[in-house]
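Here the structure comes first, spelled out in structure tokens, and everything after it is commentary.
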Amino acid sequence: MSHNSFGHLFRVTTWGESHGPAIGCVVDGTPPRLPLSEADIQVFLDKRKPGQSRFTTQRREPDQVKILSGVFEGVTTGTPISLVIENQDARSKDYGDIATRFRPGHADYTYWTKYGVRDYRGGGRSSARETAMRVAAGAVARRILGDGVVIRGALVQLGRHRVDRARWDWDAVDENPFFCPDRQAAQAWEGELDAVRKAGSSVGAVIEVVASGVPAGLGAPIYGKLDADLAAAMMSINAVKGVEIGAGFAAAELSGEENADEMREGPTFLSNNAGGILGGISTGQDVVVRFAVKPTSSILAPRRTIDVQGVESDIRTVGRHDPCVGIRAVPVGEAMLACVLADHLLRHRAQCG
């Protein structure tokens with residue numbers, strides 16, 4: 001299987017499966033002499049790890065990261081940084097009944113069609129378990145970006161229920177299990193998702209990630225556009241089905257006068273419909289990205305399917321699953337934004353000094 005790496009000068013390769021002995025990644029291209037410790041990475045992994053509330057999978061994984069290489073006496077050496085997390089709470093027996101059948105909405109059928117073999121234990125390589133290593137790599141990327149770049153994410157829509165942006169408060173994100181910036185919406189969502197969870201069903205979500213302090217000039221025409229790489233990075237996250245930059249699809253409803261981000265001395269922008277990117281290059285404004293996550297495909301209701309022989313049957317997925325996988329996608333989106341920005345920062349320095 002190829003295509004397990006992303007990035008150019010800041011390059012990340014992940015490895016491992018959901019129910020294998022461990023998952024890991026190699027981060028290459030990190031400049032030397034940057035302070036980095038396991039604790040610097042762990043703080044972000046703790047935001048993503050499962051089992052932290054009744055609204056996420058109850059798989060109990062401490063997600064304790066180990067640095068195997070690339071760091072000496074507390075600083076990066078400029079050599080590849082190897083990171084590993086051991087899997088400790090896999091229950092492969094939960095997936096025995098689906099070994100020869102395809103779960104609708106999952107990658108079972110496409111992996112089988114492409115490779116002729118698949119790891120049915122929790123989805124194997126296609127599992128969202130892999131995203132833990134993206135979060136670890138994102139922590140390294142934040143070191144490259146420095147403290148001047150602040151990356152934050154929030155869940156702005158759960159199923160059909162949206163936050164009220166008039167009540168947006170970044171401090172609220174850390175006060176509820178949804179990463180929700182609207183305290184009132186978070187309270188309402190508890191009842192909504194409890195009902196979904198008890199029914200054995202699932203809902204989708206929309207996540208917004210914002211990077212403040214991004215310098216102007218990152219990104220390059222024509223095929224190295226910052227927004228194009230961001231869209232690809234977000235689409236690579238499990239279950240993501242749509243990406244918006246700035247106003248996104250809503251821009252189609254605006255007039256030219258409304259959409260144009262006017263400028264005054266400074267420069268000061270009077271709006272940010274472009275999401276901080278024009279012509280594929282950052283403007284210095286906040287970089288704003290949203291992505292839509294589909295409902296978790298693992299649900300208790302029987303679904304119609306076929307087996308590897310093409311025989312029709314019904315399937316019911318058991319095990320421990322997120323009623324809304326979008327919740328834990330928030331720190332993953334932050335990490336992918338950090339990785340793309342770090343890569344473009346290094347590429348910008350290489351070309352423009």
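Of the residues ALA172, ALA166, which single one is modelled with pLDDT of 95 or more, over 21 Å from the mean Cα position of the chain (by Cα) and more than 19 Å from PRO323 (Cβ to Cβ)? If you could, list the steps in order and put the result at the bottom.
Details: ALA172 fails: over 21 Å from the mean Cα position of the chain (by Cα).
Going through ALA172, ALA166 in turn, just one is modelled with pLDDT of 95 or more, over 21 Å from the mean Cα position of the chain (by Cα) and more than 19 Å from PRO323 (Cβ to Cβ): ALA166.
Name, by its number, the condition in (1) modelled with pLDDT of 95 or more; (2) open to solvent by 30 Å² or more (accessible area, probe 1.4 Å); (3) in a helix (DSSP H, G or I) that does not hold for PRO32.
Checking PRO32 against (1) modelled with pLDDT of 95 or more; (2) open to solvent by 30 Å² or more (accessible area, probe 1.4 Å); (3) in a helix (DSSP H, G or I), the one that fails is (3).
So in region 142-151, with the set limited to residues that are assigned to a loop (DSSP other than H, G, I, E, B) and out of contact with any helix residue (DSSP H, G or I) (no Cβ under 8 Å at 6 or more places or on another chain), which one is least open to solvent (accessible area, probe 1.4 Å)?
My answer is GLY146.
Looking for something small (Gly, Ala, Ser), at pLDDT 95 or above, under 19 Å from the mean Cα position of the chain (by Cα) and at negative phi - is there at least one such residue anywhere in region 144-156?
If we filter region 144-156 for residues that are small (Gly, Ala, Ser), which is where we start, we get 146, 148, 153-154.
Still in the running and at pLDDT 95 or above: 146, 148, 153-154.
Restricting the remaining residues to those that are under 19 Å from the mean Cα position of the chain (by Cα) gives 153-154.
Narrowing further to those that are at negative phi: 153-154.
Checking region 144-156: at least one residue is small (Gly, Ala, Ser), at pLDDT 95 or above, under 19 Å from the mean Cα position of the chain (by Cα) and at negative phi.
Quick test for you: out of THR110, THR56, THR100, pick the one residue that is under 27 Å from ALA338 (Cα atoms) and polar (S, T, N, Q). Explain how you work it out, then say what you get.
On the way: THR110 fails: under 27 Å from ALA338 (Cα atoms); THR100 fails: under 27 Å from ALA338 (Cα atoms).
Residue meeting the stated conditions: THR56.
Looking only at region 187-231, count every residue that is open to solvent by less than 50 Å² (accessible area, probe 1.4 Å), assigned to a loop (DSSP other than H, G, I, E, B) and not hydrophobic (A, V, I, L, M, F, W, C) and tell me the total.
So the answer is 6.
Return the residues of region 164-180 that are open to solvent by 40 Å² or more (accessible area, probe 1.4 Å) and closer than 17 Å to LEU193 by Cβ; say none if nothing qualifies. Steps first, please.
First, the residues of region 164-180 that are open to solvent by 40 Å² or more (accessible area, probe 1.4 Å): 164-171, 174-175, 177.
If the condition is that a residue be open to solvent by 40 Å² or more (accessible area, probe 1.4 Å) and closer than 17 Å to LEU193 by Cβ, then GLU175, PRO177 are the ones that fit.
Quick one: count up the residues across region 255-281 that are outside any loop (DSSP other than H, G, I, E, B) and open to solvent by less than 90 Å² (accessible area, probe 1.4 Å).
Going through region 255-281 one residue at a time, the tally reaches 6.
Within region 330-353, track down each residue that is on the phi < 0 side of the Ramachandran plot and either aliphatic (A, V, I, L, M) or part of a loop (DSSP other than H, G, I, E, B) (or both).
Scanning region 330-353 gives VAL330, VAL332, ALA335, MET336, LEU337, ALA338, VAL340, LEU341, ALA342, LEU345, LEU346, ALA350.
Within region 1-10, can you find the residues that are under 26 Å from THR110 (Cβ atoms), open to solvent by 30 Å² or more (accessible area, probe 1.4 Å), within 20 Å of the chain's Cα centre (by Cα) and in contact (Cβ under 8 Å) with a residue 24 or more places away in the chain?
PHE6 - this is the single residue of region 1-10 that is under 26 Å from THR110 (Cβ atoms), open to solvent by 30 Å² or more (accessible area, probe 1.4 Å), within 20 Å of the chain's Cα centre (by Cα) and in contact (Cβ under 8 Å) with a residue 24 or more places away in the chain.
When region 245-254 is examined, which residues are found to be open to solvent by 40 Å² or more (accessible area, probe 1.4 Å) and in a helix (DSSP H, G or I)?
Within region 245-254, PHE249, ALA250, ALA252, GLU253 qualify.
Looking only at region 16-29, count how many residues are under 8 Å from PRO80 (Cα atoms) and part of a strand (DSSP E or B).
Matching residues across region 16-29 total 3.
Taking region 98-141, which residues are outside any helix (DSSP H, G or I) and in contact (Cβ under 8 Å) with a residue 40 or more places away in the chain?
Step one: list which residues in region 98-141 are outside any helix (DSSP H, G or I), which gives 99-107, 116-123, 127.
Once the filter is applied, which keeps residues that are outside any helix (DSSP H, G or I) and in contact (Cβ under 8 Å) with a residue 40 or more places away in the chain, region 98-141 yields THR100, ARG101, PHE102, ARG103, PRO104, GLY105, HIS106, ASP119, ARG121, GLY122, GLY123, SER127.
Can you find even one residue in region 44-58 that is open to solvent by 60 Å² or more (accessible area, probe 1.4 Å) and modelled with pLDDT of 95 or more?
No, region 44-58 contains no residue that is open to solvent by 60 Å² or more (accessible area, probe 1.4 Å) and modelled with pLDDT of 95 or more.
Please enumerate the residues belonging to region 313-329 that are over 18 Å from ALA128 (Cβ atoms) and either part of a loop (DSSP other than H, G, I, E, B) or modelled with pLDDT of 95 or more (or both).
The one that is over 18 Å from ALA128 (Cβ atoms) and either part of a loop (DSSP other than H, G, I, E, B) or modelled with pLDDT of 95 or more (or both): ARG316.
The values are calculated or read from the model by the stated rules, or taken from the named source; none is laboratory data. On a predicted model such as this, the values are computed, not experimentally measured, just so you know. Virtual Cβ from ideal backbone geometry, glycine too; neighbours counted across all protein chains shown. Side chains included, ligands, DNA and RNA excluded: accessible areas come from the protein's heavy atoms. Shrake-Rupley method; radii C 1.70, N 1.55, O 1.52, S 1.80 Å.
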